[in-house]
Amino acid sequence: MERAEAYGFSGAMSGAFLLSCLLFAAVSRRQRGPYMDEVFHVPQAQAYCHGRFLQWDPMITTLPGLYLLSVGVVKPAAWLLGWTGSVVCSVGMLRFINLLFSAGNFYLLYLLLFKIHQKNKAVSGSQRILSALTLAAFPTLYFFTFLYYTDPGSVFFTLFSYLMCLYGNHKTSALLGFCGFMFRQTNIVWTVFCAGNVVAEKANEAWKIELQKKKDEKISSKKGSFSDLTRILQFLVEYLLSPKNLVTLTALTWPYIILVSLFFVFVFINGGIVVGDRSSHEACLHFPQLFYFLSFTVFFSFPHLLTPTKIRKFLLSLRKHPVQYSLVTVISLFLIWKFTYVHKYLLADNRHYTFYVWRKVFQRHELVKYLLVPFYIFAGWSFADTLKSKSIFWILIYFVCLLAVTVPQKLLEFRYFILPFLIYRLNIPFLSLYRQLLELAFYILVNAVTFYLFLNRTFQWENSDEVQRFMW
C-alpha cells in the first residue's frame with residue numbers, strides 16, 4: 001500500500017467510524033431497550049455476563065459465539081475502565097460490539113479487494129478505497145451494525161477466513177471459519193467455499209496444462225459452449241478421482257475437512273442444524289430463493305448488472321440461443337410452481353421490508369411470480385456475465401455454495417443474502433469511478449431512508465403498547 005493510499009484509507013475508515021458513532025448514539029437514544037430479536041440475544045448475553053453459562057433461551061436458533069465473544073470483550077474492558085453496575089453488558093454496550101465488527105469488516109473488505117484484484121494494475125488505490133467504503137455501507141449489513149444481532153460478527157469471521165484462505169493460511173482460515181460457524185451454523189458453507197477455492201485453483205492449473213497438451217485453443221477455462229462445459233466437468237471428475245490429486249488436495253485442505261467433519265458430528269448429535277426453536281426454521285427445497293437472491297443482487301448492484309450494454313448483449317444472446325433460453329424458462333416456471341413456500345413470519349410481521357415486498361408484488365395476483373421469470377433469467381445471465389473473469393471451477397464452487405446457503409431456507413429474509421452477495425461483489429471487476437460513486441450514493445440514500453423510517457416512522461399494533469419500527 002502506497003503512502004497516499006494508506007492516508008486515504010485511514011481517512012475514509014476514520015470518517016466512516018465517526019459517522020457510525022453519531023448514528024449509533026441516535027439509534028440508542030430512540031430505541032433504548034431491546035428490539036425484535038434483541039429480546040432474545042440481549043438477555044442471553046447478560047446471563048453469560050453474570051456467569052450463568054448453562055442458561056439458554058430455547059427460542060435462540062444460533063450457537064453462542066456472539067455471547068461468548070461479547071463477554072470476552074466487555075468484561076476485560078469493564079475491569080480496565082472501572083465500570084460497574086448496569087453499564088456492564090447493558091444494551092448499548094452489547095450493541096457497541098457490532099460497531100467494532102463493522103470497522104473490522106471495512107478493513108477486511110479493503111484487504112480482500114486488494115488481494116483478489118492485485119494482478120489488475122489498472123485499479124487505483126482510490127478505487128479500492130471507494131469500493132471498500134461502498135461495501136462497508138451495504139444497507140442490509142450496515143443496518144444491523146446498530147443492533148445486537150449476529151450478522152456483523154458472522155460477516156467479520158467469514159471474510160477473515162476467506163482472506164486467510166487467499167493468502168494460503170489454511171489452518172488459520174479454518175479456525176476463523178469455526179468462529180463464523182459459532183455465530184451462524186450456515187457459515188459452514190463458506191468453509192466449504194474456502195476449501196473449494198484451493199481445489200478450483202489447482203484444477204484450473206491442471207486444466208491449462210491439459211489445454212496446452214492438446215493445443216486446443218477453442219476450449220476456454222472461463223466460458224464456452226455447452227459441449228465445452230461438458231468436457232470441463234468430465235475433466236474435473238477425472239481430476240478429483242485421481243489418487244495422486246486426492247492426496248495433494250487433502251494435504252492442502254485438511255483443516256477445512258476436519259471442520260466440516262466436526263459440523264456433521266454436531267448435526268448428528270444435535271439432531272439438525274438449528275439449535276433451539278426448530279419449528280420455525282425447517283429446511284426445504286425452496287428453489288425460488290435463488291431467484292429472489294438474483295433480484296436482490298440486481299437491485300443493489302444495478303451499476304454493474306443493469307446497464308444498456310448488458311441489456312443489448314442479453315438480447316443478442318437470447319436471439320442466438322432461443323432453445324436454451326426456452327428450456328431455462330420452462331425449468332424456472334416448474335421450480336416456481338412446485339417449490340414456492342411462504343413462511344408464516346413473512347405474512348405476519350409487518351415490521352420487515354420483506355412483508356411489503358411480498359404483499360405489494362407477489363400477492364397482487366397468482367400469476368405475478370410466473371411473469372417475473374424473464375427478469376430472473378436476465379438477472380441470472382447478467383450475474384454470470386460479471387463473473388466471466390473467474391475460472392469455470394471457481395464459478396462452479398461459488399454456485400454450489402450459493403445454492404446450499406439459499407435454497408434450504410423457507411423464510412424470505414434479506415439478511416441471508418448478505419454473505420453470498422459480498423463474496424460475489426468482491427470478485428467482480430471494478431467499475432469506472434463514476435459508476436462507483438453512483439453505487440455509493442445509492443447505498444447512502446437507501447441507508448438514509450432506512451434509518452429515517454426506523455427512527456421516525458414508528459407505529460403500534462392494536463393489541464400492544466410497544467412502539468414498532470420498520471427494518472430489514
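The values are calculated or read from the model by the stated rules, or taken from the named source; none is laboratory data. Note that the structure is a prediction, hence the values are computed from the model and not measured. Please note: Cβ atoms are built from the backbone with ideal geometry, for glycine as well, and neighbour counts cover all protein chains shown. Accessible surface is based on the protein model in full, side chains and every heavy atom, while ligands, DNA and RNA are left aside. Shrake-Rupley method; radii C 1.70, N 1.55, O 1.52, S 1.80 Å.
Selection within segment 78-112: residues that are within 30 Å of Ser280 (Cα to Cα) and of a type in the set (Phe, Trp, Tyr). The member of this set that is surrounded by the fewest Cβ atoms within 10 Å (Cβ to Cβ) is Phe96.
Considering the conditions (1) buried (at least 24 other Cβ atoms within 10 Å of the Cβ); (2) over 30 Å from Arg3 (Cβ atoms); (3) among the hydroxyl-bearing types (Ser, Thr, Tyr), Thr140 is excluded by exactly one of them, (1). Inside segment 250-283, residues that are open to solvent by 60 Å² or more (accessible area, probe 1.4 Å) and of a type in the set (Asp, Glu) make up a count of 1.
Can you say whether Ala47 is assigned to a helix (DSSP H, G or I), closer than 30 Å to Glu282 by Cβ and open to solvent by less than 70 Å² (accessible area, probe 1.4 Å), as far as the supplied structure shows? Against the criterion (assigned to a helix (DSSP H, G or I), closer than 30 Å to Glu282 by Cβ and open to solvent by less than 70 Å² (accessible area, probe 1.4 Å)), Ala47 qualifies. Among residues of segment 159-180 being of a type in the set (Ser, Thr, Tyr) and open to solvent by 10 Å² or more (accessible area, probe 1.4 Å), the one that is nearest to Val192 (Cα to Cα) is Thr172. Any idea how many residues of segment 353-409 are surrounded by fewer than 16 Cβ atoms within 10 Å (Cβ to Cβ) and among the hydroxyl-bearing types (Ser, Thr, Tyr)? Residues meeting the conditions: 4. Counting only helices (runs of 4 or more DSSP H) that sit completely within segment 360-472, those holding 1 or more residues that are more than 18 Å from Phe302 (Cβ to Cβ) and in contact with a strand residue (DSSP E or B) (Cβ under 9 Å, 6 or more places away or on another chain) correspond to 433-456. Within segment 3-33, the set of residues being surrounded by fewer than 18 Cβ atoms within 10 Å (Cβ to Cβ) and outside any helix (DSSP H, G or I) comprises Arg32, Gly33.
Considering Lys119, Lys75, the condition of being modelled with pLDDT under 95, loosely packed, with under 15 Cβ neighbours inside 10 Å and not small (Gly, Ala, Ser) is satisfied by Lys119 alone. Filtered by the rule that a residue be out of contact with any helix residue (DSSP H, G or I) (no Cβ under 8 Å at 6 or more places or on another chain) and basic (Lys, Arg), segment 435-459 gives a lone residue, Arg457.
If you go through segment 431-453 one residue at a time, do you hit one that is more than 19 Å from Tyr356 (Cα to Cα), among the aromatic types (Phe, Trp, Tyr) and surrounded by fewer than 17 Cβ atoms within 10 Å (Cβ to Cβ)? Yes, segment 431-453 contains a residue that is more than 19 Å from Tyr356 (Cα to Cα), among the aromatic types (Phe, Trp, Tyr) and surrounded by fewer than 17 Cβ atoms within 10 Å (Cβ to Cβ). Only one residue in Asp57, Asp37 is under 20 Å from Thr145 (Cβ atoms), surrounded by fewer than 19 Cβ atoms within 10 Å (Cβ to Cβ), touching a residue at least 40 places away in the same chain (Cβ under 8 Å) and among the charged types (D, E, K, R), so which one is that? Only one candidate passes the filter, namely Asp37.
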